[in-house]
Every structure is written in C-alpha cells, then in structure tokens.
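J.: One structure, pasted below without further comment.
The values are calculated or read from the model by the stated rules, or taken from the named source; none is laboratory data. Just so you know, these numbers come straight off a predicted model, no measurement behind them. Using ideal geometry, Cβ is built from the backbone for each residue, glycine included, and neighbour counts are taken over all protein chains shown. To get the accessible areas, we keep the full protein, side chains included, count just its heavy atoms, and leave off ligands, DNA and RNA. Shrake-Rupley method; radii C 1.70, N 1.55, O 1.52, S 1.80 Å.
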Amino acid sequence: MHSPAKVNLSLRVVGKRDDGYHELDTVFQEIDWSDYMEFEESGSFSLEVVGADLPTDNRNLVARAASELSRVSGRPLRGRIRLLKSLPIQGGVGGGSSNAATTLIGLNHLWGLDWTLEKLIPIAASLGADCPFFLFGGLARGRSRGDLISPMPGSLRGTLLVLVPDFGVETASVFADFDLRLTEVEKNVIFKPLVWTEEGADYPQVFPRNDLENIVFQRFPVLREYRDLLLQTGAPVSLLSGSGSTLFGIYNSESEALDAARLLSQRMDFRVKVCRPVARDR
Ligand code: C5P
C-alpha cells in the first residue's frame, strides 16, 4: 500500500488550547509521493524498516498504531509489516503520521475488522494531530488540532516542486516558540487565492500562507533563501509545509515545474522532486 505525503496549502494558527496544543485551520493536499508499506499474516508482530534508520519499537508510530488498534479492538497484536521509506523524516510532509494511518487501514483489513474510517479516527487522532487526514487523503480542511477533518472533492490545480533540505525540523519546538500576537500584525497581507480543479465547487477561499514560517525562517534563515529560490524559478506561490523543513513551489504547468527541477537539481544542500496534487472520490 502507498503511504502518501501531504503539503499544507495554508496553515493558520488561530489559538492556543489548554492541553498545550494549538488551534489550527489548515488545508491539507495529498501529493503523489509515498512510502510503501506491506502487511502480511504472521503469528507474531514484527516491523521492518527499509531505507531509513528508524526505531522499530514503540518509538515508531507504526508500532504504536498497531498496539493501539490491538488494544481498542481486542484483537491479538499480529502481522508482519515492512515499511519502505522514501519520504523525509521531520520534513513537514507528514511521513510518520501517514505511516501510522496506513497501518490502521492495513491492519483493519488484515485482521478482518472492517471498521469504517470514522471508527478509526479517534485512534489516529491519539497518535498525532496530522494522522486523521491520512485516513481520507486528497484535499481536506483540518480544524481543532488539525485532526478535525472535512474532506473536500477535487484538488489544487498546478504542479508542485517539493524541496527537501538536508536537515529536519522538530515540530514541537516550533510550536513552543509560537507567539499568537506576532501573527496578528501580518493579518492585512494580501495573498493570491489558490486555484482548484473543480470549478465552482464550494471551497473556502484559500490563501497560501503558513503562520509557522516566521519562526522557522528565523531559526533557519537558509529556508527563506530556498523559498525565494522557488519563487525565482517561476513559482507564483512558495510555502513551507507544516513546520518544515520541506518547502514547495506551485507552478502553473508541469513543464515549468520540470524546468525548475532541472535548474535546482544541481544543488547539494537540498533535493527536489516534482509532485502532483492527488484528488480522491468523496
Ligand atoms: O500531534 P503531534 O505529535 O504530531 O504534534 C507534535 C507537537 O506539535 C505536539 O506535541 C505539540 O507540541 C505541537 N502541536 C501543537 N498544535 C497542533 C499540533 C501540534 O502545538 N495543533
């Protein structure tokens, strides 16, 4: 099974909650770049990770997802899981959350539970705020901690160039520095609304903006340079995804994105990948 990545087309931080989390209003877009996961019958439980140096015990969200599903469903913890990792770690594209959601879907099937996606949501939400989105994929709005999902039809129009720096960013430390007062100041900045593939669909108007950029760019000024680089190669919009470190540019056509990729692929301090937005039937 594919375990896809996302970008945040918009990420607004709208409040701070009593539980230490932040209240978000974000728009997730699934992209056609994935890890791959295999689920096989087995009398015991095992997890193997290929392509990345990740723990395979309960520090790994895949193992935690399996334990939680076993605990909540009362089924024995069984199955052989292989995770073939291509997505960046601490990259802001949701790799770990996606792997956890894919585990819930894969084991739901393997164990013959046949639970609806809705029934899996609370377990996903307990594993990470980004996790419920990956049960639905496609295009979706996320509110509350980002885990209250409203799936939307269609997708963003355009081709993405995803830029992955050679370092990651820890999400919790970015939110810890977040100061709501500093975002208020920038409220009047005018952004170009994003374009969707379904003309006339009842979308909220989405302005590409990420409230975490200020903090992340301050801490890693090179990321602002990368953002500008994407703009210089012809992307009308370029943003940080989640808390980074991944950035993406949205190009009007596939050929423009491919030209930009050719230009930027010479660099040694980041890698780039051309990706397309994914739409799901709703
Ligand atoms: O839920 P997840 O473990 O992915 O979140 C990582 C960290 O990011 C949380 O521990 C929290 O500090 C921060 N966070 C937040 N508000 C959100 C989502 C995440 O403060 N809505």
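J.: Does segment 122-136 include one or more residues that are in contact with a Lys or Arg (Cβ under 6 Å, 6 or more places away or on another chain), more than 13 Å from the ligand (Cβ to nearest atom) and at pLDDT 95 or above?
T.: no
J.: Considering only segment 4-20, how many residues are surrounded by 15 or more Cβ atoms within 10 Å (Cβ to Cβ) and either more than 10 Å from the ligand (Cβ to nearest atom) or farther than 17 Å from residue 148 by Cα (or both)? Outline the logic, then answer.
T.: Within segment 4-20, the first condition is being surrounded by 15 or more Cβ atoms within 10 Å (Cβ to Cβ), and the residues that meet it are 4-13.
When the remaining residues are screened for being either more than 10 Å from the ligand (Cβ to nearest atom) or farther than 17 Å from residue 148 by Cα (or both), the result is 4-10, 12.
Count: 8.
J.: Residue by residue through segment 12-56, note down the ones that are among the aromatic types (Phe, Trp, Tyr) and without any contact (Cβ under 8 Å) to a residue 40 or more places away in the chain. Outline the logic, then answer.
T.: Here is the first cut: in segment 12-56, the ones among the aromatic types (Phe, Trp, Tyr) are 21, 28, 33, 36, 39, 45.
Correct list: 45 only.
J.: Give the residue, chosen from 173, 155, 144, 73, that is under 18 Å from residue 243 (Cα atoms) and in contact (Cβ under 8 Å) with a residue 24 or more places away in the chain.
T.: Details: 173 fails: in contact (Cβ under 8 Å) with a residue 24 or more places away in the chain; 155 fails: under 18 Å from residue 243 (Cα atoms); 73 fails: under 18 Å from residue 243 (Cα atoms).
Testing whether each residue is under 18 Å from residue 243 (Cα atoms) and in contact (Cβ under 8 Å) with a residue 24 or more places away in the chain leaves just 144.
J.: Tell me the residue from 38, 68, 48, 23 that is open to solvent by 70 Å² or more (accessible area, probe 1.4 Å) and either more than 21 Å from residue 168 (Cα to Cα) or within 15 Å of the ligand (Cβ to nearest atom) (or both), please.
T.: Details: 38 fails: open to solvent by 70 Å² or more (accessible area, probe 1.4 Å); 68 fails: open to solvent by 70 Å² or more (accessible area, probe 1.4 Å); 23 fails: open to solvent by 70 Å² or more (accessible area, probe 1.4 Å).
After applying the criteria, what remains is 48.
J.: Then there is this: May I ask you to list the residues in segment 78-105 that are in contact with a helix residue (DSSP H, G or I) (Cβ under 7 Å, 6 or more places away or on another chain) and either on the phi > 0 side of the Ramachandran plot or open to solvent by 70 Å² or more (accessible area, probe 1.4 Å) (or both)?
T.: Result: 79, 89, 94.
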